[in-house]
Structures are given as structure tokens and as C-alpha cells.
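Visitor: Just passing along the structure, written as C-alpha cells.
The values are calculated or read from the model by the stated rules, or taken from the named source; none is laboratory data. Because the structure is predicted, anything quoted here is derived from the model rather than measured. Cβ placement follows ideal geometry from the backbone for every residue including glycine, while neighbour counts extend to all protein chains displayed. When the accessible area is computed, the model is the full protein with side chains, heavy atoms only, and any ligands, DNA or RNA have been set aside. Shrake-Rupley method; radii C 1.70, N 1.55, O 1.52, S 1.80 Å.
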Amino acid sequence: PDQPLWGLDDAKKLSSGQREALYKEITSTAVAWSVASCGPKYIDATNILKATKAAMGKAIDKLAVSPDYLLLDAIKLPHIGIPQRGVVGGDGKCACIAAASIVAKVTRDNWMKTMDQQYPGYGFAKHKGYPTLEHRQALAKLGPSPIHRLSFRPLAPQLSGNS
């Protein structure tokens with residue numbers, strides 16, 4: 001609280017090097033931080049927004065210190081009994097939301113690098129799961145891996161064979 005972190009911004013606007021440096025600083029100096037996720041089957045069974053809210057709830061539950069107030073990027077969590085505010089474009093306006101976006105992005109990118117080793121041929125370390133041409137070509141050649149979300153619209157027609 002008494003040492004602001006300089007350079008915080010929306011994770012998508014930072015280079016990977018900037019994100020990595022800020023990630024180390026955030027995770028070593030934050031009062032509390034936590035990461036949680038929902039798997040592809042849960043996302044396919046519900047939707048990405050419900051899965052995002054569920055993962056955020058799980059991350060809040062895992063915090064070593066309970067927050068008094070939540071600042072969230074554009075959404076609210078009605079199932080969480082903590083006062084809160086959704087800030088549109090929050091990752092570019094609020095330091096704590098920017099920090100959360102950086103921790104989430106670095107964590108996910110590192111997980112995708114691990115998945116690249118577990119599921120070679122998809123290029124996860126390079127495209128991080130985004131539907132690039134290389135990723136779509138790998139899907140056409142290899143079919144979906146266990147970590148693919150079959151409901152993701154750009155991929156769903158290709159995965160079902162209805163290109």
C-alpha cells in the first residue's frame with residue numbers, strides 16, 4: 001500500500017518482458033494474491049462469462065487476506081458478499097485491476113507453455129491458445145486436445161467438421 005508499482009497497465013498493452021517483471025514484483029510485494037481457473041469442460045457446459053465469475057470467486061476464497069472491497073474489470077460478482085464495483089476498462093484505469101490482469105496473463109501464458117510440452121504440435125507456447133492460423137491448422141491436422149474448449153465459436157465449426 002505504501003509502495004506503488006510503476007508501469008502497471010492492461011496486460012495486453014505490455015510486452016511479455018514487462019509483464020514478467022511486474023508479475024515478480026506484484027507476487028512478491030502484494031498483501032495477498034491468488035489465481036484460480038475453470039477447465040474447458042466447465043466452460044463448455046456453462047459459458048466463458050460464468051466460468052470467469054466462478055474462477056474469480058474461487059480466487060477470492062483462496063486469498064490469505066479477505067478483501068474489504070472488490071474492484072473488478074467491468075463485471076460484478078453477485079454471488080460474492082463483498083462490496084464491489086465493476087469498472088469498465090478497469091485494467092487500464094485501476095492499479096489493482098491492472099495487477100490482476102498481469103498476474104492472470106503471465107500465469108495463463110506459463111500454463112500454455114507447460115501444455116505445449118504435454119500436447120506437442122499445437123504451438124501453445126507460441127500462440128497461447130488464441131485462434132491463430134497456425135493453431136487452426138494444428139487443430140485440422142491433430143483434432144482437439146483435452147484442453148480445447150469445444151464451444152469457442154472460431155474453433156467449434158472446425159472441430160465439429162462443419163467448416
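Visitor: For Val35 and Lys141 in one chain, what is 0.36 nm times their gap in residues minus the Cα-Cα distance, to one decimal in nm?
Guide: 34.9 nm
Visitor: I would also like to ask the following. Residues of the stretch 90-105 with backbone nitrogen within less than 12 Å of a virtual label 7 Å along the Cα-to-Cβ line of Leu63, please, listed as ranges.
Guide: Zone members listed by number: 96-97, 100.
Visitor: Which helices count as membrane-span-like in the chain under these terms: full DSSP H, at least 15 Å along the axis by C-alpha, Kyte-Doolittle mean of -0.5 or more? Present the calculation step by step, with values, prior to reporting the outcome.
Guide: Numbers: long enough: 16-29 (19 Å, -0.96); 48-62 (21 Å, 0.11); 95-118 (34 Å, -0.01).
Helices passing the filter in the chain: 48-62, 95-118.
Visitor: Right, next: Using Cα centres only, tell me the gap between the stretch 83-154 and the stretch 1-72 in whole Å.
Guide: 14
Visitor: About its Cα centre, what dipole magnitude does the chain give when the only charges are +1 on Lys and Arg Cβ and -1 on Asp and Glu Cβ, stated in debye to the nearest 20? Mind dumping the intermediate values first?
Guide: Working: 21 positive and 13 negative charges, 109 e Å.
The calculation lands at about 520 debye.
Visitor: Okay, moving on. Counting only helical runs of four or more DSSP H residues, what would the 222 nm mean residue ellipticity of the chain come to if each run contributes -39,500 (n - 2.57) and the total is spread over all its residues?
Guide: The helix-only estimate for the chain comes to -14500 deg cm²/dmol at 222 nm.
Visitor: How many percent of the accessible area of the chain is carbon or sulfur, using a 1.4 Å probe?
Guide: Solvent-exposed carbon and sulfur of the chain make up 57 percent of the total.
Visitor: Name the lysines eligible as straight-distance cross-link partners of Lys53: C-alpha to C-alpha under 29 Å, and not fewer than 8 places from it in the same chain.
Guide: Leaving aside lysines fewer than 8 places away in the same chain, those within reach of Lys53 are Lys12, Lys13, Lys24, Lys41, Lys62, Lys76, Lys93, Lys105, Lys113, Lys126, Lys128.
Visitor: Can you list the residues, at least 5 places off or on another chain, whose amide H is less than 5 Å from the amide H of Leu70, using H built in the peptide plane?
Guide: Gln84, Arg85
Visitor: I'd like the FRET efficiency for Val88 and Leu5, computed as 1/(1 + (r/R0)^6) with the beta carbon distance as r and R0 of 25 Å, rounded to 0.05. List each step's numbers first, then the result.
Guide: Details: r = 22 Å, r/R0 = 0.90.
Efficiency at R0 = 25 Å is approximately 0.65.
Visitor: Could I ask something else about it? Roughly how large, in nm² to one decimal, is the mean projection of the convex hull of the alpha-carbon atoms in the chain?
Guide: 10.4
Visitor: Net charge within 11 Å of Ile147 by Cβ-Cβ distance, Lys/Arg positive one each and Asp/Glu negative one each, not counting Ile147 itself?
Guide: That sum, taken over residues with Cβ under 11 Å, equals +1.
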